[in-house]
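Below you'll find the structure, written out as structure tokens, and then a few comments.
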Amino acid sequence: MRTWVLMLAGALALASCASTPRTPDRRAALARQIADDAASFNEAYAQAVSGQILLNILRSRDRLPRYYLATTGISDNPSWTYSQGVGIGGLPLGGGGTPIGIGSIAAEREQQTRPGYAVQPFDAPTLARTAFESTSTETFAHYWRSGWPRDLLLLMMVEAIESTDANNHTYTFINEANTIFDDCVEAVQTEGCAFVREVRGFLAAASEHPRQRGYDAERGRSVCGLIDAYGAATPVRAAPPREHEVCDPIFVVGDRTVRLRLRSLDDMIYYVGELLRAGSMRAGAGQPIEAQVTVAAAGLRGGGRGVPLFRVLPEHASAHGMYAAEVVYGGARYRAGPAIGRSCGVEASAGPCRDGAAEGDRSSSVLSLIAEILALNQSPESIRAPQRLIAE
């Protein structure tokens, strides 16, 4: 009898060990879980921020109020549910023998989890700093020097250009979205299109002159806010701002000094919405809604006609599988920023290297720029990193 009881206990112990995952396997499963969760939270956060931006762009198009919410860190605290069962059954040994009890043990563990997060309005100081204060010169300089499409930066971030010539005559060009039509062809003589033509002329002139890598600290003209100089007619040097002085971004191109007045984040969103209003009037039901001004196409180097600055697609007009932003507005679903994966040295008449609105859509760049500035303008508490807490 004692022998059978010992054998039974040993079998149960072996079964228990076999049902417990080995430590290396458990670690690998945990690592995969954390990696999957981190990627999922990243995607959820990106969709939340980009969707909020697209929603406010559509509201701006329809001249409705815009609202900004802070999405704080995501936390995930799994809870575990255990169920256990024990049973003993009789097994007769030999003819007329006394039944010997054989035990069975079963245990189940179920994980229940729901990520927690907070979406709340900004407080007044954070809202003012985040949405309504003009973008800083340092922020503009960062994007200008980081390889971003410069025509896109000038259209999105600049509300006015002041160009001063060698005779000290200053000309001001205002970036008015509601007066920009037909990609500013020569027939369109409006204030907004005068600005667009000035932007294109400035970029063309800058490309014709070598960029000055260094400035003459001894003889150069002192310029506060100097970003770059291209073939300056006289030596220039960057000067630090005086106390309480705020310097606008300045470029020196040949004998001209170009000063940029920067807009706020809310102005950028409203600007894109204004550009889409004319596009909405021209688009048919269910067709893409496009801004009426173009920028360099994504993934195309060496010229090309350009593509709309921003483009919104109704759900059934969406041909791609991945979009930077998606939102339901007015009972309909809209998407913007399809994934564009191409690198083309020259324009082609057909295929992925075609210089077309769908093939070179820049909307994801616009959404990314606004989202990054939104994050830069917030306090560290408002953009706290997502958390993953695992308790067992």
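Summary table
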quantity	calculated
Long-range neighbours under 6 Å by Cβ, at least six apart or interchain, first residue in a strand (DSSP E or B) within region 228-240, second surrounded by 15 or more Cβ atoms within 10 Å (Cβ to Cβ) and polar (S, T, N, Q)	Ala229/Gln212
Residue satisfying condition, being part of a helix (DSSP H, G or I), at pLDDT below 75 and of a type in the set (A, V, I, L, M), within set Ala38, Ala31, Ala48, Ala11	Ala11
Residue in region 304-323 that is under 27 Å from Tyr45 (Cα atoms), among the small types (Gly, Ala, Ser) and in contact with a strand residue (DSSP E or B) (Cβ under 7 Å, 6 or more places away or on another chain) present	yes
Test: residue in region 144-159 that is farther than 21 Å from Ser365 by Cα, aliphatic (A, V, I, L, M) and crowded, with 16+ Cβ neighbours inside 10 Å	no
Any hit, region 373-388, residues being of a type outside the set (Gly, Ala, Ser) and at pLDDT 90 or above	yes
Residue among Ser222, Ser264 that alone is of a type in the set (S, T, N, Q), touching a helix residue (DSSP H, G or I) at 6+ places or on another chain (Cβ under 8 Å) and either surrounded by fewer than 17 Cβ atoms within 10 Å (Cβ to Cβ) or assigned by TED's automatic domain parsing to the domain that holds Met156 (or both)	Ser264
Every residue from region 316-347 that is more than 20 Å from the chain's Cα centre (by Cα), at pLDDT below 90 and over 26 Å from Ala177 (Cα atoms)	His316, Ala319, Ser343, Cys344, Gly345, Val346, Glu347
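So that you can scan it fast, the table gives a plain yes or no per residue for (1) at pLDDT 80 or above; (2) outside any loop (DSSP other than H, G, I, E, B); (3) not assigned by TED's automatic domain parsing to the domain that holds Ile370:
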{"residue": "Gly89", "(1), (2), (3)": "no, yes, yes"}
{"residue": "Ala106", "(1), (2), (3)": "no, yes, yes"}
{"residue": "Phe140", "(1), (2), (3)": "yes, yes, no"}
{"residue": "Asp151", "(1), (2), (3)": "yes, yes, no"}
{"residue": "Leu154", "(1), (2), (3)": "yes, yes, no"}
{"residue": "Asn168", "(1), (2), (3)": "yes, no, no"}
{"residue": "Tyr171", "(1), (2), (3)": "yes, yes, no"}
{"residue": "Gly192", "(1), (2), (3)": "yes, yes, no"}
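The values are calculated or read from the model by the stated rules, or taken from the named source; none is laboratory data. Model, not experiment: these values are computed from the prediction. Ideal geometry is used to build each Cβ from the backbone, glycine not excepted, and the neighbour counts take in all protein chains shown.
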